[in-house]
Amino acid sequence: MTIKLYNTLTRKKEEFNPIKDKNVKLFCCGITPYDYAHIGHAKTYVQFDVIVKYLRYRSYDVFYLQNITDMDDKIIQRAKEKNIDPIALARDFEKEYHKDMGALGVNSVDKFARATEHIKEIQKQVKALMDKGYAYIIENDGVYFDLSKDKDYGKLSGRTTQEAEDAVSRVDDSKEKINKGDFCLWKKSKKDEPSWPDPWFDGGRPGWHIEDTAISEKYLGQQYDIHGGARDLIFPHHEAEIAQMESASGKKPFVKYWLHTGFLNVKGQKMAKSLGNFVTIRDAVKKYDAKVLRFFYISGHYRSPIDFSEDLLDKAKNSLERLNDFVRKVKNSKEKDDEKLIEKTRKEFLKYMDDDFDTPKALAVIFDFVKEVNKKGGGKKSYDLMLEFDK
């Protein structure tokens with residue numbers, strides 16, 4: 001069977017054919033550790049954890065890279081409020097993030113790469129863009145990417161202007177930009193801000209978009225298989241990544257398949273501190289079992305939005321308990337297994353997972369299997385099948 005992925009770049013499902021044999025290089029945008037990670041982060045990272053683990057289950061050799069944006073306007077501002085060093089603040093919240101991921105069973109990432117530990121790679125890519133005429137300097141401000149030089153800009157999102165749901169960065173604001181959408185590659189540091197020596201000013205720090213492509217180029221190369229993240233990153237962040245890497249390398253496409261997760265809402269509303277519905281992972285795990293949360297996230301398709309509510313979490317809890325009860329029942333059962341039913345279930349499960357990782361339909365197959373075995377009886381092989389799916 002062939003795996004099919006919905007590719008945001010082409011806006012259709014495509015057969016999955018990695019660039020090199022069964023080797024898969026995958027990058028997913030990581031966190032900016034200025035606060036505790038929230039349940040929206042959990043949705044993306046749990047769902048990509050499932051995607052990576054399924055690819056490995058299907059015998060693909062996956063290298064999963066995630067960056068850590070440990071230098072950012074939000075980190076600097078929060079550190080000022082707390083009167084502590086920005087790097088120290090970032091390290092503290094990064095530790096909390098790893099604790100949260102551990103609780104949720106997210107353990108498929110091979111490499112976490114911090115932006116501040118890749119300054120040389122970032123500056124090298126900025127210099128390459130300047131040398132090729134894609135970037136320019138605004139005095140006492142920063143180095144900016146010139147969008148007028150990239151005729152393909154907008155091919156991922158289908159647009160070139162900002163919208164309300166876009167994730168944006170304040171370092172891109174400048175009245176002296178050549179084009180409205182030009183974004184900052186390297187920002188001159190203000191007094192008392194973290195700063196690294198550079199060829200352009202008397203010290204600066206990375207722009208938001210450049211760290212991802214500099215990091216991915218180092219570990220995955222100038223072209224790789226899958227780039228993932230939440231859908232609010234499509235524009236301008238992922239659009240900017242394409243512009244940077246394809247302009248610097250001269251190779252297209254930068255990434256073969258783009259996968260994006262749907263939004264998480266809380267009781268039908270977008271999650272926001274101003275609405276009083278902001279929920280951190282650490283608080284959610286205190287209220288709900290971490291395995292229930294994980295099951296809740298995979299009960300929806302990764303591309304679909306999901307609503308975080310007590311009713312849906314209670315349903316997830318009951319569904320998971322039903323599966324756990326079934327596993328306990330068949331573990332030591334001496335009943336005879338229905339071999340045809342087991343094989344039929346495995347094939348249907350794989351069919352749906354191969355179809356753009358359709359976890360809701362794959363889970364429905366499992367529950368149909370549970371229902372049939374409860375009618376007919378089953379034992380060790382049924383138990384083994386459940387363990388196989390649990391991986």
Worksheet, complete the sentence: Taking the dipole of the stretch 25-137 about the Cα centre (Lys, Arg +1; Asp, Glu -1; charges at Cβ), the one of N107, A135, Y54 that reaches farthest to the positive side is Y54
Worksheet item: How far is the Cα center of the stretch 99-163 from the Cα center of the stretch 254-322, in Å?
Response: 28
Worksheet item: Near N374, within a Cβ-to-Cβ distance under 15 Å, what is the net charge of the other residues, with Lys and Arg +1 and Asp and Glu -1?
Response: +1
Worksheet item: With the chain treated as a Gaussian network of Cα nodes joined by springs under 10 Å, which of E176, E348, E211 yields the largest mean-square fluctuation?
Response: E176
Discussion item. How would the stretch 302-391 be classified by its alpha-carbon gyration tensor: rounded, prolate or oblate, with rounded meaning a/c under 1.5 and the a/b versus b/c comparison settling the rest?
Written reply: oblate
Fill in: Isotropic mean projected area of the C-alpha convex hull, the stretch 65-191 (nm²)
10.3
Worksheet item: Counting only the backbone N, which residues of the stretch 369-384 are under 16 Å from the spot 7 Å out from the Cα of M1 toward its beta-carbon?
Response: 369
Worksheet item: At a Förster radius of 35 Å, what calculated FRET efficiency corresponds to the Cβ-Cβ distance of E139 and T161, to the nearest 0.05?
Response: 0.85
Worksheet entry | Solvent exposure of the chain as accessible area per residue, Å², 1.4 Å probe | 48
Worksheet item: So, with a 1.4 angstrom probe, what is the percent of accessible area on the stretch 1-120 that is carbon and sulfur?
Response: 45
Response to the item:
Calculating percent of Cα pairs over 40 Å apart from this structure picks out, from (i) 17; (ii) 20; (iii) 31, entry (ii)
Fill in: Dipole magnitude of the chain, debye to nearest 20 (Cβ charges: Lys/Arg +1, Asp/Glu -1, about Cα centre)
1260
Discussion item. Would you work out the Kirkwood radius for the stretch 133-247? I mean one over the mean of 1/r across all pairs of different Cα atoms, in Å.
Written reply: 14.8
Worksheet entry | Which of H38, T261, M353, positive extreme of dipole for the chain (C-beta unit charges) | M353
Worksheet item: Can you give the extra length, in nm with one decimal, that the chain gains between K99 and K344 once fully stretched, where that is 0.36 nm per residue apart less the Cα-Cα distance?
Response: 84.4 nm
Worksheet item: Using helices alone, what [θ] at 222 nm do you get for the chain, with -39,500 (n - 2.57) per DSSP H run of 4 or more residues, divided over all residues and rounded to the nearest 500?
Response: -14000 deg cm²/dmol
Practice prompt. Kindly work out what percent of the DSSP beta bridges joining two residues of the stretch 214-288 are antiparallel, to the nearest 5.
Written response: 25
Practice prompt. Using only alpha carbons, build the gyration tensor for the stretch 67-115 and give me the equivalent ellipsoid semi-axes, biggest first, whole Å.
Written response: 23, 12, 7
Worksheet item: For the stretch 27-105, with equal point scatterers placed on the C-alpha atoms only and solvent neglected, what are the log10 I(q)/I(0) values from the Debye formula at q = 0.17 1/Å, to two decimals?
Response: -0.70
Fill in: Farthest positive-ward along the chain dipole, Cα basis, beta-carbon charges - from L320, V370, S304
V370
Practice prompt. Provide the percentage of antiparallel DSSP beta bridges, counting only those with both residues in the chain; round to the nearest 5.
Written response: 45
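The values are calculated or read from the model by the stated rules, or taken from the named source; none is laboratory data. From a predicted model like this one, the values you see are computed outputs, not experimental measurements. Neighbour counts are summed over all protein chains in view; Cβ atoms, including those assigned to glycine, are modelled from backbone coordinates with ideal geometry. We work out accessible area using only protein heavy atoms, side chains counted, and drop any ligands, DNA or RNA first. Shrake-Rupley method; radii C 1.70, N 1.55, O 1.52, S 1.80 Å.
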